[in-house]
Amino acid sequence: MLSRVAENLYWTARYIERAEDTARLVSVNSHLLLDLPHHTALGWSTLIDIMGCESRFDERYDRRNEKNVLHFLCVERDNPGSILSSLASARENLRTTRDVVSREIWEQINELYLDVREQSDAGLSPRRRDSFLKRVIRGCQTVTGLIEGTLSYTATRCFIELGRNLERADMTTRIIDVRSGNLLPKDPEELRPFENLQWMSVLKSLTGYQMYRQQVRLRVRGPDVLRFLLQDRHFPRAVARSLESLSWELQSLPRHDRALAAVALVRAEVLEADVQSLARSPDDLHAFIDELQIGFNNIHDAIATTYFARFDDVPRAVTAEAEEDEED
């Protein structure tokens, strides 16, 4: 397989996963805020922190209100992390390499992008928000299902899985980091009665609520949620499970030593973490998540320098010209 093809597949998977996780996050936050008192500190600003795009947002908007944050995260063309931009980038990365995947995968990604672009042109009103987010989530899930059901276990599938699992691990830690800062002991007092509800929102952001209840069988508690999302080896979106999947995929590729070693280091750090201690200290948890983020960057660097012809720390954005290309 050409390195350019491998890189395009890797980034296609990362962008699809990013679009789905962003849609889930916005959806769950919308429902959570309906259940919290209006005077609470939680709001839409937290989502900007989760996505790590504070400076980019502040350059374009003067207020972090609901309207601005939703537009920025969902349909802002100048935000490479928005749902629209993520799907545009996924489409463009796959467009030039679509001959290595099934036609159904390309058609689903193309159709999903065109639907989201049409919605963005029409405007994202509060009335349309819920159906828009559900459409994105189901569309991305359909892509994942088509990959699972139509792709042979070759290098094509391997690089898609590498991208998806690394992006999943990254988004899981981002959600834990920012949400935990509002949930752990230094909470404002008025939020304590709603602590259980907020931890439920963390689980639901990652579609883990039902699986958590099946495995833990206790009320939703911070330390248990952290252990489940960081260290569980059965839940697909848990960090440990995502890293384990990365290891499996890398072992099927040649010259995997450096990337596999990078994954092993981060995985050991996750499994050996003292969750009870982290749950008692928001500052320690934040520092721990920062270390994991550095580890994820090291994994990406190892994959990129080993398998991709052009090394790039920053995901390649879609150009204006690319969006005007053929829309099969």
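No lab work stands behind these numbers, since they all come straight from the coordinates. All values derive from a computational prediction rather than experimental measurement. When we count neighbours, we look across all protein chains shown, and the Cβ atoms used for this are built from the backbone with ideal geometry, even at glycine.
Across the chain, the longest piece that holds none of the GluC sites (Glu not before Pro) lying in DSSP loops with up to 13 other C-beta atoms within 10 Å covers 1-271.
Just check the range 3-323 against the gyration tensor rule for me: Cα atoms, a ≥ b ≥ c as the square roots of the eigenvalues, rounded for a/c under 1.5, and otherwise prolate or oblate depending on whether a/b exceeds b/c.
Oblate.
For the range 1-135, a Kirkwood radius taken over Cα pairs fed into Stokes-Einstein (20 °C, viscosity 1.002 mPa s) yields D = 135 µm²/s.
Quick one: order S3, S120 by neighbouring beta-carbon count within 10 Å, fewest to most.
S3, S120
When the trypsin sites (Lys or Arg not before Pro) in the range 195-239 are filtered for DSSP coil states and for at most 15 other beta-carbon atoms within 10 Å of their beta-carbon, the remaining sites are R217, R219, R221, R233.
Average projected area of the Cα convex hull of the range 189-264, in nm²?
Projected over every direction and averaged, the Cα hull of the range 189-264 covers 6.1 nm².
What residue among V101, W11, T306 has its Cα farthest toward the positive end of the dipole of the range 3-323, where the charges are +1 on Lys, Arg and -1 on Asp, Glu, each on the Cβ? Positive-end residue among those listed: V101.
Taking other C-beta atoms within 10 Å as the exposure proxy, W199, W44 rank W44, W199 from fewest upward. Here the chain is treated with +1 on each Lys and Arg Cβ and -1 on each Asp and Glu Cβ, and its dipole about the Cα centre works out to around 1000 debye. For the chain, adding -39500 (n - 2.57) for each run of n ≥ 4 DSSP H residues and dividing by the number of residues yields -23500 deg cm²/dmol at 222 nm.
If the segment from D78 to R221 were pulled out straight at 0.36 nm per residue, it would be longer than the present Cα-Cα gap by 47.6 nm. Going from the fewest other Cβ atoms within 10 Å to the most, the residues V116, V5 appear in the order V5, V116.
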